[in-house]
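In what follows, a structure is listed as structure tokens, so that the remarks can point back to it.
The values are calculated or read from the model by the stated rules, or taken from the named source; none is laboratory data. As the structure is a prediction and not an experimental result, all values here were calculated from the model. Note that each Cβ is placed from the backbone with ideal geometry, even for glycine, and that neighbours are counted across all protein chains shown. Side chains are part of the model used for accessible areas, which takes the heavy atoms of the whole protein and leaves out ligands, DNA and RNA. Shrake-Rupley method; radii C 1.70, N 1.55, O 1.52, S 1.80 Å.
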Amino acid sequence: MSSLVVFAIFCTVLFIIHRKLREKVTFFKRRKIIYDEPAVIFGNVGNVFFGRCSYVDILIDAYKRHANDRIVGFFNFNRPQLIICDTKIVRKILFENLDHFVNHVDQFSAQSLGSLNYHQWNEIKNSLDVIFDDIGMKQMFELMLKSTDEMIEYLNYKDGIDEEFIIDIKDLSKKFCVNSLASCLGIHKVNCFRNKNDKIFKIAEKISKNFGFIGHLKSLISSVFPNFYKAMNIQLVDSQTKEFFNQAVIEEMKVRQVKKFTRPDMIQLLLEAKNGQLHHYRMDVSSSDGKYSKSNENLRKLKQITWPDEYYIAIGYSLFSEGYRLSVNVLQMLCYELAKNYDIQMELIDEIDEINEKEGITYENLNNMKLLNMILDETLRLWPTETTQNQLCTKDYSLTTDDGFRFEFQKGDELIIPAIAIHRDAKHYDNPLTFEPHRFDMKQIEEAEYLPFNNGPRSFILRNFAMQLVKIFIYQLLTHFTLEMCHKTPSTIQLKQSFEFDVREKIYMRLKSRIRN
């Protein structure tokens, strides 16, 4: 084939691609929706793709510039999306008419719970609700608690040899979370405090880097050439990681079934669900002590389930990847805010000491800690790791607000609800950039104004699990140490120029032993 023919074919392909993209760009013009002019191919996210700013910065900037607009057009590469800026509309979408927006936008063909459609989700939701009820959570609470023993042993050793004892709080959080998550998933003999080169720690690091340059490139391909993306079966999760979770979940379940081996962890709960042996204990409202009743009236045995293997792998992968990502990000920001706001930290230590003087840490005591819960809520308000909620309109919906605003959502519309921008809006919160946990004690927070997790029937089902991990870490750490600012602690925090929530600076702080002093 002559070079002239090759050049002609190349130019033709470019022309077709350009024409197709320009058709996309007219999407908002045709529907008379306000939007910012996009760049061809990169849309409104080119600066993120090329590492000039974070996705969060772009969304907050768009939210502020369109403060008087309710719905704004936005191009994620060439995918037209609608930014919902009005919390009245957010309420109607997430809390009143969610049946029109039941699916999340599936950006990647990742093996995770988030990639399942609504029908698939409903197949497993009931069993997951039981697995993550108080009975299942109590089992994993004990496994998490054992991981804190390894952490405190490690910290006491470091304290003995390091006079200043300055640590990278994210690194500490990573080790603890990998230890705890591996234990809950049924992977034994993992201690990342002693061996940071453990295979599962490397898997965790690989998962956390999925949104590096390669992840961005995959996002671009999935957006501009979705059919090619699917035809080539491009995956955000690599084959090695998939095989790891296949071994950790499917093969482990087979081994336990053959050897009749049991252990109180996630694999055991999944195996019981598979064999129809999982029981749901509902609260007996007549019980004076508020404990779970095992009476026949309150005992419900779930049916035997016949999920394909990929469902179990998706659960295992999501437990680990989402639990790791969420817990690590929340922990580093929570510790940072406690170090900066020392008076609040001392108040929390008083709450912890009061519990320790009575009966010590228990599942019930931990989850009933008023101040700790408020501190966690405020951390998730100011630093929500789920910075947006992305919903997909599954059927046409005519919206009308109380003040007469009308909008026609069409099937296939992709919605962005900018949670972090709403959380930092002075219309909703006084002094929104100030860390003030007691705001959750002083006022009733409107549900459409506080969106730290995906809402509705597809809400982040692992959030209670991840938040328990965070609470145990903070409780045990502050039982033994205080967190202090040091010369290496950043005075302000900025996010990486990335699509994911990730802090640019390393957050170092000094640990001071409470036991010795």
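If packing is taken as the mean number of other Cβ atoms within 10 Å per residue, what is the order of 506-513, 30-37, highest first? Mind showing how you got there, number by number?
Working: 506-513: 18.1, 30-37: 13.4.
Averaged packing, sorted descending, gives the order 506-513, 30-37.
Could you do me a favour and compute the accessible area per residue for segment 352-400, 1.4 Å probe, result in Å²? Kindly include the intermediate steps, with their values, before the conclusion.
Values: 1910 Å² over 49 residues.
Accessible surface, normalised per residue, equals 39 Å².
Given contacts defined as C-alpha pairs under 8 Å and at least six residues apart, what's the relative contact order of segment 356-462, whole-number percent?
Working: 118 pairs, mean separation 32.1, N = 107.
With pairs under 8 Å counted, the relative contact order is 30 percent.
Excluding residues on the same chain fewer than 8 positions from Lys512, give the aspartates and glutamates whose Cα lies under 13 Å from its Cα.
Output for Lys512: Asp159, Asp162, Glu163, Glu164, Glu484.
Filter the cross-link list Lys138/Lys175; Lys175/Lys242; Lys202/Lys274 down to pairs whose alpha-carbon distance in this structure exceeds 24 Å.
Working: Lys138/Lys175 22 Å; Lys175/Lys242 21 Å; Lys202/Lys274 30 Å.
Among Lys138/Lys175; Lys175/Lys242; Lys202/Lys274, the Cα-Cα distance tops 24 Å for Lys202/Lys274.
State which entries of Lys158/Lys496; Lys146/Lys199; Lys64/Lys88; Lys146/Lys174; Lys370/Lys496; Lys189/Lys506 exceed 27 angstrom in Cα-Cα distance in the structure shown.
Details: Lys158/Lys496 30 Å; Lys146/Lys199 20 Å; Lys64/Lys88 17 Å; Lys146/Lys174 16 Å; Lys370/Lys496 33 Å; Lys189/Lys506 29 Å.
Over 27 Å Cα-Cα: Lys158/Lys496; Lys370/Lys496; Lys189/Lys506.
Could you work out the per residue convex hull volume over the alpha carbons of segment 353-428, in cubic angstrom? Numbers along the way, then the final one.
Values: hull volume 12.5 nm³, N = 76.
Taking only Cα atoms, segment 353-428 has a hull volume of 164 Å³ per residue.
Scan around Tyr35 for amide H atoms under 5 Å from its own, H built in the peptide plane at 1.01 Å from N, and keep only partners 5 or more places away or cross-chain.
Amide H neighbours of Tyr35, under 5 Å, 5+ apart: Gly73.
Please report, in whole Å³, the volume per residue of the convex hull around the C-alpha atoms of segment 376-517.
Values: hull volume 22.6 nm³, N = 142.
Once divided by residue count, the hull of segment 376-517 is 159 Å³.
Take the solvent-accessible surface of the protein heavy atoms, probe 1.4 Å, and return the percent of it on segment 376-481 that carbon and sulfur atoms account for.
Percent of accessible area from carbon and sulfur atoms in segment 376-481: 44.
Taking 7 Å along the Cα-to-C-beta vector as the label spot, tell me the Asp69-Met346 distance in nanometres, rounded to one decimal.
4.9 nm
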